[in-house]
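Shown next, in structure tokens, is the structure this report addresses.
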Amino acid sequence: CEGQPTLAEAVAVDVVAREPEPRVLSFAGYEWTVKVCDVPCGPGPNRFSSLPEDVWVDGDGLHLSIHDQEGVWHCTEVISDRSFGYGVYTIETHGRVDDLDPNAVLGLFTWDDDAPPYYRELDIEFARWGNTAEPTNGQFVVQPCGACPGCDDRCSRFRVEPNESCDDLTHYITWAPGSVAFRTYCGHHLGAFPPDDQQVHAWAYEGAYVPEPGDERVRFNLWLVNGDAPQGGLPQEMLITDFAWQPAPLLVTTPNGGETWACGETRAITW
């Protein structure tokens, strides 16, 4: 938009914001602001829609989509109303991540607008980055990472196999001082310990790039690489069925030398 003119003779200035109130959704016990951007913006760049038919919550969960609106593709993103900091982030999804369009990206991540250059960004992403021949379709990332693979030790690529039993996935980010551990499992396991035979991939990173907490928020988005239309020309949709956060359990050393996550005082489970 045009800037305000500078009038040397003005004795007072007032600015009135006339932007619409942001749309807010209630999901998993928290409030989420729906991102809207009518001009190309990041990631992508893409346009982001807040229309109820493009991003909504129902009895199944939070629906994210990519839709064509009058010849222009629009993506969707939601942002948590609060910062959580260190702890265990659990995210359940439904949908065939192996069947996403090669240009589509499902992002489950933390982000702080006010913390450049790396924005306290910890990522779980499902994408083939426009490459139909790419054998992997998922990645765990501690930013910075310009291209994956190719981020030294800050990125771990993996594959979710085409399997109806993996339509439901549970993802974990365990963020602690100086370390981050990621895990993805087939099935929904929020509130229960996931069985080892359902693990799709696990990866941990320790190093200088692990951010400290600030004003990061949890974000979920579904977007297009470089803003390019889906290669198949079809709308995309993914479902976030649940989300939870809890303070990080205490890592203790057991008498036999093993490591145990002590969850409260009543039980302990070994990762």
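The values are calculated or read from the model by the stated rules, or taken from the named source; none is laboratory data. No experiment lies behind these values; they were computed from the predicted model shown. Here the Cβ positions follow ideal geometry from the backbone for every residue, glycine too, while neighbour counts run over all protein chains shown. These area figures cover heavy atoms from the full protein model, side chains too; ligands, DNA and RNA do not enter into them. Shrake-Rupley method; radii C 1.70, N 1.55, O 1.52, S 1.80 Å.
To keep it simple, each residue is scored yes or no on (1) in contact with a Lys or Arg (Cβ under 8 Å, 6 or more places away or on another chain); (2) not aromatic (Phe, Trp, Tyr).
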{"site": "63", "(1), (2)": "no, yes"}
{"site": "67", "(1), (2)": "no, yes"}
{"site": "73", "(1), (2)": "yes, no"}
{"site": "79", "(1), (2)": "yes, yes"}
{"site": "83", "(1), (2)": "yes, yes"}
{"site": "101", "(1), (2)": "no, yes"}
{"site": "107", "(1), (2)": "yes, yes"}
{"site": "129", "(1), (2)": "no, no"}
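Only one of 192, 208 is more than 13 Å from residue 120 (Cα to Cα) and not in a strand (DSSP E or B); which? Spell out the reasoning first.
Numbers: 208 fails: more than 13 Å from residue 120 (Cα to Cα).
Checking each option against the conditions leaves just 192.
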*Any chance residue 123 is open to solvent by less than 10 Å² (accessible area, probe 1.4 Å), out of contact with any helix residue (DSSP H, G or I) (no Cβ under 6 Å at 6 or more places or on another chain), touching a residue at least 24 places away in the same chain (Cβ under 8 Å) and acidic (Asp, Glu)*: no
*Return the residue satisfying two criteria in turn: it lies in segment 48-70 and is open to solvent by 60 Å² or more (accessible area, probe 1.4 Å) and free of Cβ contacts under 8 Å to residues at least 40 places away in the same chain, and of such residues it is farthest from residue 168 (Cα to Cα).*
70
*Given the conditions (1) open to solvent by 20 Å² or more (accessible area, probe 1.4 Å); (2) of a type outside the set (Asp, Glu); (3) under 15 Å from residue 209 (Cβ atoms), and given that residue 140 satisfies all but one, which numbered condition is not satisfied?*
(1)
_Residue satisfying condition, being charged (D, E, K, R), modelled with pLDDT under 95 and out of contact with any Ser or Thr (no Cβ under 7 Å at 6 or more places or on another chain), within set 53, 70_ = 70
*Would you pick out the residues in segment 155-167 that are at pLDDT 95 or above and either under 28 Å from residue 112 (Cα atoms) or surrounded by fewer than 16 Cβ atoms within 10 Å (Cβ to Cβ) (or both)?*
155, 156, 157, 158, 159
*Do you know which of the residues in segment 211-241 that are in a strand (DSSP E or B) and open to solvent by 40 Å² or more (accessible area, probe 1.4 Å) is nearest to residue 119 (Cα to Cα)?*
217
